[in-house]
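Below is one structure, written out as C-alpha cells, with a few remarks after it.
The values are calculated or read from the model by the stated rules, or taken from the named source; none is laboratory data. On a predicted model such as this, the values are computed, not experimentally measured, just so you know. Here the Cβ positions follow ideal geometry from the backbone for every residue, glycine too, while neighbour counts run over all protein chains shown.
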C-alpha cells in the first residue's frame with residue numbers, strides 16, 4: 001500500500017503565461033507557493049477475490065475490468081502512460097473542495113503518478129514527476145491547463161518558475177528569510193467564495209483570447225520579477241506586494257469575460273472597502289478561492305464583512321511525497 005500527500009498551491013503572479021500557447025513563443029514565469037492543504041492518494045494492489053480489476057473511490061465509485069472502461073480521465077491516462085498492468089485499488093481524499101482554484105486536479109495527477117511509480121518500485125525526480133503530469137494533462141487528457149500547477153505540486157516550496165527556452169521549465173526557490181515569509185503570511189487571507197467551476201472551460205476562453213492579449217500577458221510576466229524584488233528586499237514595504245496583486249487582478253479580469261462575475265466583484269470590493277490592499281481569484285477564475293492581502297489590523301473587520309469561509313494556511317516546503325508505504329510481501333497474497 002502506498003499513500004501520497006501532494007500540496008495545493010497559491011499562484012501570486014504570472015498565471016496565464018504558463019500556457020504552452022504563450023510560453024513556447026514568448027516565454028513565461030510565475031511566482032507560486034505550495035500550501036499546507038493537501039490531496040491524499042491511497043493505492044494498493046487489488047486482491048484477487050473480485051470480478052473486477054480496478055476499484056476507484058473519489059467523489060464516486062468505479063469498478064471496472066479494463067483500463068479503457070475507467071471514466072476518471074486522469075486515472076485512466078496515468079495508468080496507460082506508466083503501463084501499469086496489475087490490479088489496482090485507489091482512493092482519493094482532499095482537504096479542500098475540487099474545482100476551486102488551488103490546483104486540485106493537477107495535485108491529484110501528480111500524487112497519483114507518484115503512487116504508481118512507488119507501487120512499481122521506481123524512483124522519480126520532482127522534475128520528471130512534474131513533466132509527466134504536464135504531459136498527461138495537456139497531451140493525453142487534452143485539458144486546458146497551464147504548466148505551473150503540476151510543477152509546484154511536485155516541488156513544493158515558494159518558487160519562481162520560468163517556462164520556455166532550452167530548459168523548458170526552470171524552478172528556483174525564492175530566497176527570502178523565514179521572518180520575511182512569516183510577515184507575508186500575516187498579510188494574506190484565503191476565503192472560499194462558495195462557487196465551484198470547471199477550470200478547463202474557463203481557461204479555454206482565455207487560451208482562445210491569448211493572441212489578442214499580448215500586452216496584458218507581457219505585463220503580467222514582468223510582475224513576477226517585480227514581486228520577487230519586493231520579497232527579497234527586506235527593507236521594502238510589503239504593502240507594495242499587495243498593490244501589485246491588485247494590479248494583476250485588474251489585468252487578469254481582462255483576459256476573459258468568465259474570470260470574474262458580479263458576485264466576485266462585490267466580494268472583492270467589500271474586502272477592499274474593509275481594508276484589503278489587493279487580492280485576486282485563484283486559478284482560472286469564475287469562483288473558488290479568493291486570496292487577499294491585508295494589514296493584520298484590518299483582518300478582523302474583513303472577516304466580519306465577508307460571509308465566507310476563512311481558511312488559515314501556511315507555506316509547504318516538501319512537495320508531493322510518499323507518506324506511507326507497506327511492502328507487498330506483507331499483504332499476504
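Some points to look at:
- So residue 169, is it under 22 Å from residue 245 (Cα atoms) and touching a strand residue (DSSP E or B) at 6+ places or on another chain (Cβ under 7 Å): no
- Of the residues making up segment 250-272, those that are over 17 Å from residue 293 (Cβ atoms) and at pLDDT 90 or above number 2.
- Residue 262 vs. criteria over 20 Å from the mean Cα position of the chain (by Cα) and buried (at least 16 other Cβ atoms within 10 Å of the Cβ): no
- Residue in segment 269-278 that is assigned to a strand (DSSP E or B) and crowded, with 22+ Cβ neighbours inside 10 Å present: yes
- Any hit, segment 34-51, residues being surrounded by fewer than 24 Cβ atoms within 10 Å (Cβ to Cβ), part of a helix (DSSP H, G or I) and either modelled with pLDDT of 95 or more or touching a helix residue (DSSP H, G or I) at 6+ places or on another chain (Cβ under 8 Å) (or both): no
- Qualifying position, being at pLDDT 95 or above, within 19 Å of residue 145 (Cβ to Cβ) and either assigned by TED's automatic domain parsing to the domain that holds residue 141 or not in a strand (DSSP E or B) (or both), among 63, 77, 89: 77
The rows are residues; the columns are (1) at pLDDT below 95; (2) buried (at least 21 other Cβ atoms within 10 Å of the Cβ); (3) at positive phi.
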{"position": "147", "(1), (2), (3)": "no, yes, no"}
{"position": "150", "(1), (2), (3)": "no, yes, no"}
{"position": "168", "(1), (2), (3)": "yes, no, yes"}
{"position": "200", "(1), (2), (3)": "yes, no, no"}
{"position": "226", "(1), (2), (3)": "no, no, no"}
{"position": "229", "(1), (2), (3)": "no, no, no"}
{"position": "234", "(1), (2), (3)": "yes, no, no"}
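- When 146, 194 are checked against the criterion of being closer than 23 Å to residue 286 by Cβ, touching a residue at least 12 places away in the same chain (Cβ under 8 Å), assigned to a loop (DSSP other than H, G, I, E, B) and outside the structural domain of residue 301 (by TED's automatic domain parsing), 146 stands alone in meeting it.
- Looking only at segment 288-302, and only at residues there that are in contact with a strand residue (DSSP E or B) (Cβ under 9 Å, 6 or more places away or on another chain) and in a helix (DSSP H, G or I), the one that is surrounded by the most Cβ atoms within 10 Å (Cβ to Cβ): 302
- Residue match in segment 100-117 (condition: under 18 Å from the mean Cα position of the chain (by Cα), outside any helix (DSSP H, G or I) and on the phi < 0 side of the Ramachandran plot): yes
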